[in-house]
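In what follows, a single structure is set out as C-alpha cells and then discussed.
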Amino acid sequence: MQTGVVLALALLVALAIDRRWGEPSVRWHPVVWMGRALQKAGDATAPTEPTGVDMVSFWRAALCWCVLAVIAVVIAGALQYAVLRYAPWWLGFILLGALLKPMLAWRMLRSESLAVESALAHSLQDGQAQLARLVSRDVTVLSEVQVRESAIESLAENLNDSVVAPIFWFLVAGLPGAVLYRFANTADAMWGYPGMRGGRYWQWAGKWAARADDVLSWIPARITAAALWLVTKGVSWSALASNARATPSPNSGWPMAAMALALNVRLSKPGVYVLNADGDDAAAGDLLRADTFATRAVFCVVVLAVLCLISLLVVRV
C-alpha cells in the first residue's frame, strides 16, 4: 500500500488512541523523556545567576538543542523506516499511529481546560489551582473572569501546540517531523522564557529554543486560526489578523485572537495585550463553547491532512 495512505491511517489511529486512552504513562512517554534530557542539558548550560550579554551560554545551549533534536529525529526516522519497510501495511499503520500518538495531546488538553470551569463552580481558589496546571503565570491574583480568560487562551494556544502543529509536521515529514516539533515545543516551554526559572537564568541560554519554536509554529499557528475562522460565523479575517498582532508572540496571538472573536469575549494579559477589546467578559459556558469550536477546527484539520496524504497516491498514479 502507498505510503501516503499508511500515514493517513496512522494519523487516524493516533487520534483514536488519544480519544480512547489519552496519554501514555509517564514512564513510557517520549515527551517526558525529551523533558528529562532537556532538564539535564539545561542544568549544564544555563548560568545560575543573571548575566549581561552571554553568547557562550547562547551557543552552548544551541548546540545542546541541536544534538538532542538530531537524536530524537534519527530515532523517529529509524522507527518509521522499520515500520514502513518491514511490517505489513495493516500492522504498519497501527504501529506508526501508536508511535505518533504521544506527539498529540487533544484529549488531555480538552479535559484540563474544561476542568477549570468545573473547579470554578466550587470556588475561585479551586479554579485558580486547576488553571495553574495549564499556565505559567501567577494565578493567585486572577479574578474569576480572568481565570476563564486564561483557560480559553490556553485552550486556543495549545490547540496549535498539542494538535495542529504536530499534525502539520507529520504531514510534511512523517513521524520525524512530528517528533521534531514536539521536541522544539517542549524545549521552548522549559528554556524559552527569559529570566530566572528553576534556579537558572535563561535570558540568553533560552533564545535558540524560543526562536526555533517560533519558526516551526509559524505556519501551523495560522492554520489553526484559519480552521477556527472557518468553523465560526461572522468573524472578520482582517479583525483576526489585527488582533493577532497585538501579542508579543509572532504565533500564539493567531489562535487566541480567532477564539476571542469566535466567542465574542475579551481575552487579555494585564499590561501585555488585549484581544477583542470590545468583547464581553468570559462567562460560565464560554469554555464549553470554546471546546466546541476547537473540536470542529481539529476535525477540519484532520480531514484536510488525510486528504493531502491520500492525494500523494493520486499524484503518483
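Here, each number is a calculation from the coordinates, and none is a lab measurement. The model shown is predicted, which means the values in this text are computed figures rather than measured ones. Counting neighbours? That spans all protein chains shown, and the Cβs are built from the backbone with ideal geometry, glycine included.
Just one of (1) 15.2; (2) 16.3; (3) 17.2 is mean projected area of the Cα convex hull in nm² as worked out from the coordinates here. Which one is it?
This structure yields the entry labelled (3).
Count the net charge of all other residues whose Cβ sits under 14 Å from the Cβ of A225, scoring Lys and Arg as +1 and Asp and Glu as -1.
Summing Lys and Arg as +1 and Asp and Glu as -1 gives 0.
Determine, for the chain, the count of lysine pairs separated by eight or more sequence positions (or lying on different chains) whose alpha-carbon distance falls under 26 Å.
4
Can you give me the long-range amide H partners of R197? Hydrogens built in the peptide plane at 1.01 Å from N, cutoff under 5 Å, separation of 5 or more residues or another chain.
Under 5 Å from the amide H of R197: W202.
Give me the distance in nm between label points sitting 7 Å out from Cα along the Cα-to-Cβ direction at A44 and W59, one decimal.
1.8
When Lys and Arg each count +1 and Asp and Glu each count -1, what net charge do the other residues less than 15 Å away from R289, Cβ to Cβ, add up to?
Cβ neighbours under 15 Å give a net charge of -2.
Measure off 7 Å from each Cα along the Cα-to-Cβ vector at V141 and A241, then give the distance between these two points in nanometres to one decimal.
Label at V141, label at A241, 3.5 nm between them.
Helix-only estimate, please: 222 nm mean residue ellipticity of the chain, summing -39500 (n - 2.57) across DSSP H runs of length 4 or more and dividing by its residues, to the nearest 500.
-23500 deg cm²/dmol
For every other residue with a beta carbon closer than 15 angstrom to the beta carbon of V163, add +1 if it is Lys or Arg and -1 if Asp or Glu, then tell me the sum.
It works out to a net charge of +1.
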